[in-house]
Amino acid sequence: MHLRRSRSVLASVALVGIGVMSPGAGAAANAAHAVSQAARVMPFAPTHVLKQTLSFPPDTQYCRANIGISCYQPAQFQRAYDLNALYAQGLTGAGSTIVIVDAFGSPTIAADLQHFDQTFGLPDPPSFHEIEPAGAVPAFPSDPFGASDRSGWAVETTLDVEWSHAMAPGANILLVATPQSETEGVQGFPEIVQAENYVINHNLGDVISQSFGATEQTFNSPQEILNLRSAFVNAQAHNVTVLGSSGDFGATDLESDFSCCYPFRVNSWPSSDPLVTSIGGTQLLLDNAGNRLAPDVVWNDGFGAGGGGLSTVFARPAFQDHVRDKVGAARGTPDVSLSAAVDGGVVFYYSFCDYSRNNPSTGMPPLCGPQWHIVGGTSEASPLFAGIVAIADQAAGHRLGWLNPALYAHPGQDASRGMPDITRGNNSLVFCSSSCGTPSEVDTTVTGFQAVAGYDLASGVGTIDAAKFVAAMAR
């Protein structure tokens, strides 16, 4: 699976890590207290440690005992994010439509979502449709970047669909699949822009979730990014909310050849666009019922770290004027943060053949058939927040639209407005050079940003208490 800026970082009993070093046993107990240490990731050369796959959805106790990390099911997040109080009022996202945009989609997503729902006692969404407005998607697993890339997008699609639905079980879901893989730089974005404009022009959705991105420096010029903004301008004009994952490599990001990472601070687009709400990453430590055992911290667990920092393309927008001491003259990300840690990842299900899990060097075939896994990354955080936005739209009786001015509107009142502050952790990153694993191994450190009281470039304005947030946004 090609890990991009905002693509999923996958962990399960079938692999210790993809492109990252596993913190090892005991991480669940220690990671929440080790946030002062930078995440340390390997170069982009995925290593698969193939073992038994799971035929059942693991719970937190199983994951901690057998994998050495925490994992969570829908009921735990529904409690942790204070959604049950909303459900009791009939606020489930009913009447709202969440738009999931991904390259290629998944060949088994409809059946996989139904199995996911039945397993966890969730209702089917009132409506689930898939469209291909930018051109027909080729048959699975066709992909000019290889079957592994195609499987990676199917994994991404599955995470986005299943967990946006888990947060807003009454919302409609529209999956918008594009026929071209998004890579670093312009590749794939023209089709995404075309597809999103189609959705907006035909009034098909209320909140768009984007779990992808490319490092700003991988574009040939800032103008290339500015030429791709039409869907976001269109969304603002039509009062459609647009979200973007902030990334999985802390304050740095992948280079144009997918190698990790730039040896200095960078940011990624579309998360850095002021018309997009940038969703960063946190780590939750929950018990089996979903109660917090400790305050949330910035995601930085040895598998990756939440993206955040300053744009080199966009100047500070007016909504960030009161945090100019943190962002200076540039657009700062993220705006708000939700769960993204692999140590604390979410359980999800798919049944397609996963070519990102095979190992040609050892003759291991792709893994096919029903499989339960654990997934993390800010690819998770964006669909989680999309579900909350859909519920807020229902409560308000109209689309909330461009959220950023409202998120920053009342400094000092964030907790009462459902955005509890994150004050622990950082998004620094330590990664290996190409010689990693050899006697000449060299580490590169990119110092990120520390979570502090109030806004910061590691967590934004904070995380979400859905009951309070929805009430505040509806007002």
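Every condition in (1) at pLDDT below 95; (2) buried (at least 20 other Cβ atoms within 10 Å of the Cβ) holds for residue 147 except the one numbered (2).
With respect to the conditions (1) outside any strand (DSSP E or B); (2) buried (at least 21 other Cβ atoms within 10 Å of the Cβ); (3) modelled with pLDDT under 95, residue 369 lacks only one, and its number is (2). Taken together, 406, 458 contain a single residue that is modelled with pLDDT of 95 or more and not in a loop (DSSP other than H, G, I, E, B), which is 406. Here residue 357 meets each of (1) farther than 14 Å from residue 460 by Cβ; (2) among the charged types (D, E, K, R); (3) surrounded by fewer than 24 Cβ atoms within 10 Å (Cβ to Cβ) with one exception, condition (3).
Working carefully through the options 218, 157, 252, find the one that is closer than 30 Å to residue 398 by Cα, crowded, with 23+ Cβ neighbours inside 10 Å and hydroxyl-bearing (Ser, Thr, Tyr). Don't jump to the end; show me each part of the working.
Values: 218 fails: closer than 30 Å to residue 398 by Cα; 252 fails: closer than 30 Å to residue 398 by Cα.
Going through 218, 157, 252 in turn, the sole match is 157.
So for region 211-222 (the condition being within 18 Å of residue 157 (Cβ to Cβ), more than 17 Å from the chain's Cα centre (by Cα) and either assigned to a helix (DSSP H, G or I) or not acidic (Asp, Glu) (or both)), does at least one residue qualify? Scanning region 211-222, I find no residue that is within 18 Å of residue 157 (Cβ to Cβ), more than 17 Å from the chain's Cα centre (by Cα) and either assigned to a helix (DSSP H, G or I) or not acidic (Asp, Glu) (or both), so the answer is no. Scanning region 122-134 for residues that are surrounded by fewer than 15 Cβ atoms within 10 Å (Cβ to Cβ), in contact (Cβ under 8 Å) with a residue 40 or more places away in the chain and over 17 Å from residue 204 (Cβ atoms) returns a single hit, 123.
Which residue, of 357, 399, 324, is modelled with pLDDT under 95 and not polar (S, T, N, Q)? Explain how you work it out, then say what you get.
Values: 399 fails: modelled with pLDDT under 95; 324 fails: modelled with pLDDT under 95.
Just a single option satisfies the conditions, and that option is 357.
Residue 8 satisfies every condition listed in (1) surrounded by fewer than 22 Cβ atoms within 10 Å (Cβ to Cβ); (2) closer than 30 Å to residue 179 by Cβ; (3) modelled with pLDDT under 50; (4) of a type in the set (Ser, Thr, Tyr) except (1). Scanning region 280-317 for residues that are of a type in the set (D, E, K, R), part of a loop (DSSP other than H, G, I, E, B), farther than 30 Å from residue 228 by Cα and at pLDDT 95 or above returns 287, 296. Inside region 167-188, residues that are surrounded by fewer than 24 Cβ atoms within 10 Å (Cβ to Cβ), closer than 23 Å to residue 247 by Cβ and small (Gly, Ala, Ser) make up a count of 3. Residues that are assigned to a strand (DSSP E or B) and touching a residue at least 12 places away in the same chain (Cβ under 8 Å) do not occur anywhere in region 318-328. Quick check, is residue 450 at pLDDT 95 or above, surrounded by fewer than 20 Cβ atoms within 10 Å (Cβ to Cβ) and not hydrophobic (A, V, I, L, M, F, W, C)? When the stated conditions are applied, residue 450 passes them.
The values are calculated or read from the model by the stated rules, or taken from the named source; none is laboratory data. Remember, it's a predicted structure, so these values are computed and weren't measured experimentally. Backbone-built Cβ (ideal geometry, glycine too); neighbour counts: all protein chains shown.
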